[in-house]
1. Calculate, in nm to one decimal, what HIS72 and ALA49 gain on full extension: separation in residues at 0.36 nm each, minus their alpha carbon distance.
2. Which whole-Hz ³J(HN,Hα) couplings does the range 27-43 yield from phi under the Karplus relation 6.51 cos²θ - 1.76 cosθ + 1.60, θ = phi - 60°, glycine and proline marked x?
3. As a test question: what accessible area, to the nearest 10 Å², does PHE15 have when a 1.4 Å probe is rolled over all protein chains in place?
4. With runs of 4+ DSSP H residues as the only contributors, calculate the mean residue ellipticity of the chain at 222 nm using -39,500 (n - 2.57) per run, divided by the residue total and rounded to the nearest 500.
5. Could you list which residues have their amide H under 5 Å from that of TYR83, counting only those 5 or more apart in sequence or on another chain, with H placed in the peptide plane?
6. Could you state how much accessible area VAL46 has, in square angstrom rounded to the nearest 10, with a 1.4 Å probe and all protein chains kept in place?
7. Give the whole-number value, in cubic angstrom per residue, of the convex hull volume spanned by the C-alpha atoms of the chain.
8. Carbon and sulfur together cover what percent of the accessible area of the chain at a 1.4 Å probe radius?
Amino acid sequence: MATWFTLEHVNGYNFTIEKQERIKEIILEAIFKEYPILRESYGFDVEEANEIMPEINTTYDLEKFIELTGVHILNVNYDEIAYIGYEFRCS
């Protein structure tokens, strides 16, 4: 039986499983850093912003508003490890 998985796909999967907690921290830190810029760019008035994108103080606060909905193993790789894509839904 043929399979479409390559060594790079398997390596990407294994890397993601092994490092999943650190990857989560890095993603949350990156989104948290950009959050104030994103919040301002939408041009909400203060009341609207507080309802839709309230101010947050920690990455833990951010976790209340986003949900991981998909993880994609891509057909692009570096050093024999496939790139991994993450998809989120915002509340």
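The values are calculated or read from the model by the stated rules, or taken from the named source; none is laboratory data. The model shown is predicted, which means the values in this text are computed figures rather than measured ones. As a convention, Cβ positions derive from the backbone with ideal geometry for all residues, glycine included, and neighbour counts pool all protein chains shown. Just the protein is used for accessible areas: all its heavy atoms, side chains included, with ligands, DNA and RNA removed. Shrake-Rupley method; radii C 1.70, N 1.55, O 1.52, S 1.80 Å.
1. In short, 5.2 nm is gained.
2. Along the range 27-43, the couplings run 5, 4, 4, 5, 5, 4, 5, 8, 3, x, 5, 5, 4, 5, 5, 6, x Hz.
3. Per-residue accessible area (PHE15): approximately 90 Å².
4. Taken over the chain, the calculation gives -15500 deg cm²/dmol.
5. The answer is LEU74, VAL76, ASN77, TYR78.
6. 110 Å²
7. Convex hull of Cα atoms, per residue: 121 Å³.
8. On the chain, the fraction of accessible area on carbon and sulfur atoms equals 55 percent.
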